Every structure is written in C-alpha cells, then in structure tokens.
Ligand SMILES: Cc1cc2nc3c(=O)[nH]c(=O)nc-3n(C[C@H](O)[C@H](O)[C@H](O)COP(=O)(O)OP(=O)(O)OC[C@H]3O[C@@H](n4cnc5c(N)ncnc54)[C@H](O)[C@@H]3O)c2cc1C
C-alpha cells in the first residue's frame, strides 16, 4: 500500500509552500514533493522583486513573518519605466529577496508544522480512479514510487507536472499545455559591479529598441553594488529574432556597464506564463496554483506574490473541502472565485495592456513617455489595474501633448474601452460552474482571442 495523506503538494516553490503551510496550519496531513534536492528548494531564476501587499496579507492571515535579514537584498520604493527618450517613476513598495534563503525559510516553517518533504522526487504521472485524481507517481533514487492523497495540488511551475498528465477535457477551462504565444522565455544574470550603481531601492525597466517589442531589460537592485539584470520575450517571437537571447541581453547591458565593470555571480533562464489565469483552476481531486495555473501578471511578470496568495487560497478551500468530503471540481469552486476575484480582472487588463504595448512598439512607448501622455498617477492605475478617469479637458491636453502622433491616442482610447469591458466581465466570474462555458465564450469575444 502506498502512503496516504490528506493532501499531496507537487512543487516546493512559493505556491507549494503556502498551500502546504496553510493546510498544515488547519491540522491536515500534507506531503510536499519536489524534484530538487532539499537544500536547493526555493532557489529559482527570477527577477527577485516581491511587492509588499501579498506578504503583508499573509502576515495578517497566518502570522507568517515578513521577509527579513538575509532574505532581503534591498527594500524597494520606486519602479521606473524608461526609454532613450525619457523616463517615468512610480511608487512601488516592495523588496528584492534572495529567493533561495527566503524559500528555504518557508520550507522550514512547513516542516515545523509537520509537512513531510520528499525531495529529489520528480513527479511523472497521476493516479486517477473513478474520475478523481487520487495521487501521483514519482521517481526516487531510480525507483518508481506512488503516493496518495485526498487532494493533489499542482504547484510545479509553468510546465505543470500534474496538469499536463490529466486526461484531455478533464476540466473545462484548464489547459494541459500552453502555446508558445502564452509563454515568455527569459534570461537573467546577478552581477556585482566594481562601483555603486544608481538603482538603489528601485526596479528599473528599460525599453531597448533591440529587444523584441515590448521587451525591456530590467535592472533590479540587490544592494548598493549588486544588480539582478535580465530580459525576455514571447517564445513565439523567437523564430523571427536574429541572434541569441544572451547576445541581445549582453548588447543591451553593455550600453550601461562595460564587461570590465562587473562580474557575473549567477546566470540562468526560465519560462513565464503570459496570459490571464486559467478559467478553471480546479479538477476532480485537485487544484493548480502559481505558475502552473498562470497566476502571473502578463505585463510585469510578477508571479511570486500571486503564487504565495494562490497557495493560501488553495490551502483554505482545500481544508474546507476535506472537512465536507467534497473534493470535486465543483466542490473546490470557491478557490476559482478567490483567485479570479483577486487576480483575474487585474491580469486580464494587464494582458490587454501588453497587447497594446506590442502594437505601438518601443517607438510608441518612447513617445508616450517623452510627451508625458500618461501621468504618473495614470500609469500607476494601469499597472495596478484600475480604471483611467479622464475628463474632456484632460483628453484635449493629451492630444496636444502627443501631436502629431494622434494614432497613439486613438490606440489608447480603444485600449481603455477594452480594459474596462474585460474588468467588468471578470467581476462577473460565475458562482455556478455550469455557467462557465457562457462566461468564457463572452470573454473570448471581448478579447478577440480564444483563451
Ligand atoms: C527570469 C524570471 C524573472 C522573474 N521575475 C520575477 C519578479 O521579479 N517578480 C515576481 O514576482 N516574479 C518573477 N518571476 C515569476 C516568479 O518567479 C514565479 O511566478 C514564481 O516563482 C512562481 O512560483 P511557483 O511556486 O508557482 O513556481 P516555481 O517557483 O517555479 O516552483 C515550482 C517548484 O516545482 C518543482 N517542480 C517542477 N516540476 C516538478 C516535478 N515534475 N516534480 C516535482 N517537483 C517539480 C520545482 O523544482 C520548483 O521547486 C520571474 C520568473 C522568471 C523565470
């Protein structure tokens, strides 16, 4: 007989540790499997930026301590968007964290609550009985093993180790795989400079003409002499781009720092899902959380906070379902409502914003910034996913400022209309699972794309 737990969590990144931690807090038995060695869990190629809102909420809800000490590389107060034409700065409280140290602490907190961690254990398949996922199969020290749980939570990142092994059509709105236009490939380096940099307390996005639109190179502070620098673009663009990502990245970086001014401490690549969350994140016997459920902001690629919050929501709803004994797709529906309520509208609006940035390209973005087409307040609204309030006077001023590039103004007018429509639609995410197909059809019509 294989071991039996209340919940099996696949993946020990932020989504996995928060799912496990929340369930264990409510007294459930949890096994967490990760393909990495125990001491490597949490270590991830990332930009390392983390906004304060998610960790503050989790501190209030679960008493989890905020990132502190060595877990924090720098405390952030500003986000700057720049092109060669000029720059705009927004207020953006947060941290850059050491993913490895912070991730290891969260893992320890899970173990302190009794979560069983099975490391070096790549999950390869799912156990399905009577239409429900009842466990997973994995490799351990060369042997095939299996483990069972009343609920299986897929927190294994963009690849979706559980999700991709579900039968076709297992849960409407949850896809097994992502097309290349919904995945960004990325490359980043952590560099140490031989002098202090100018980005202290700041995350800085520079829209460079040589990076595929609307691509930017990011400079995220890791303390006075260290920077996390990287770039990325949609995988579907890769075929039309000349040169490797690393080469394009280095060319952009070397416009600011010459090779003899820094050394590379760590480098690596990664994949980021770029779309609004799946329309359904539950299935009979389980859920998907974090990157596995596409809980990443499509414009900013911010997924760490949403993964932590998603894990908390999954743990809460799974705990209730374990009490009532209904772990069906419909029984877990409350999780869909929490995630779509928190991130659905915001990430769908951001997805539209991204489409428009692609349309106007770096040149358009430069014009918008140089002519101050958006105020800092409006840009903050866009990045925070709020409606833009514009009176007639403000619109006329904008048109004058952007003269003779009025095409851009019209483009943004259309974007604003679409953003508001999609926000309102996501606010109406159905309570009743039977209404999901109709909701999806209407959403696809609004987006002009079948998601
Ligand atoms: C280059 C880059 C830059 C980024 N920058 C930022 C940023 O600055 N700010 C931000 O908020 N977000 C950023 N993100 C996104 C952020 O890293 C993710 O959204 C976040 O880590 C998602 O957490 P997760 O727990 O869902 O997945 P992950 O952190 O990917 O964790 C998944 C875990 O599952 C394990 N796993 C995978 N497959 C299996 C398997 N088959 N069996 C067992 N275990 C498995 C992995 O080992 C891993 O531990 C960036 C991403 C990349 C790639």
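Throughout, read-outs are computed from the coordinates displayed, never taken from laboratory work. What you see is a predicted model, and the numbers here were worked out from it, not measured in a lab. Cβ coordinates were reconstructed from backbone atoms using ideal geometry, including for glycine residues, and neighbour counts include every protein chain displayed.
Summary table
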read-out: Segment residue 195-residue 68, extension gain: residue separation times 0.36 nm, minus the distance between their alpha carbons; value: 43.2 nm
read-out: Two-decimal Rg/Rh across region 38-83, once Rg and the Kirkwood Rh are taken from alpha-carbon atoms; value: 1.03
read-out: Helix 14-25 axis, angle to the chain major axis (alpha carbon atoms, nearest 10°); value: 40 degrees
read-out: Theoretical gain in end-to-end length, residue 37 to residue 441 [0.36 nm per residue, Cα-Cα removed]; value: 141.1 nm
read-out: Pairwise FRET efficiency - residue 210 versus residue 431, Cβ, R0 = 51 Å, nearest 0.05; value: 0.60
read-out: Kirkwood Rh and Cα Rg combined as Rg/Rh, region 15-167; value: 1.05
read-out: Dmax and Rg, reported as Rg then Dmax, of region 180-273 (C-alpha, Å); value: 13.2, 39
read-out: Segments 299-308, 323-332 sorted - mean Cβ within 10 Å per residue, highest first; value: 299-308, 323-332
read-out: Principal semi-axes in Å for region 98-149 [√(5λ), Cα gyration tensor, largest first]; value: 26, 14, 10
read-out: The chain - mean residue ellipticity at 222 nm from DSSP helices (-39,500 (n - 2.57) per run, n ≥ 4, rounded to 500); value: -11000 deg cm²/dmol
read-out: Residue-span extension gain [residue 451 to residue 266] - 0.36 nm each, minus C-alpha spacing; value: 63.0 nm
read-out: Dimensions in Å of region 251-337 - Rg and Dmax from alpha carbons; value: 19.0, 62
read-out: Likely footprinting exposure, 201, 347, fewest C-beta neighbours within 10 Å first; value: 201, 347
read-out: Label-point gap, in nm, between residue 413 and residue 57 - each point 7 angstrom along Cα→Cβ; value: 3.6 nm
read-out: Directionally averaged projected area (convex hull, Cα atoms, region 305-378), nm²; value: 6.6 nm²
read-out: Alpha-carbon Rg with Dmax, taken over the chain, Å; value: 22.1, 74
read-out: Stokes-Einstein translational diffusion, region 117-266 - Kirkwood Rh over all Cα pairs, 1.002 mPa s, 20 °C, in µm²/s; value: 114 µm²/s
read-out: DSSP-defined beta bridges in the chain - what % are antiparallel, rounded to 5; value: 70 percent
read-out: Cα centroid separation - region 210-258 against region 153-203, whole Å; value: 17 Å
read-out: Simple spin-label estimate for residue 172 and residue 87 in nanometres, 7 Å along Cα-Cβ; value: 4.9 nm
read-out: Two-decimal ratio, region 164-203, of alpha-carbon radius of gyration to 2.2 N^0.38 Å; value: 2.25
read-out: Kirkwood Rh, angstrom, region 1-76 [1 / mean 1/r, Cα pairs]; value: 14.3 Å
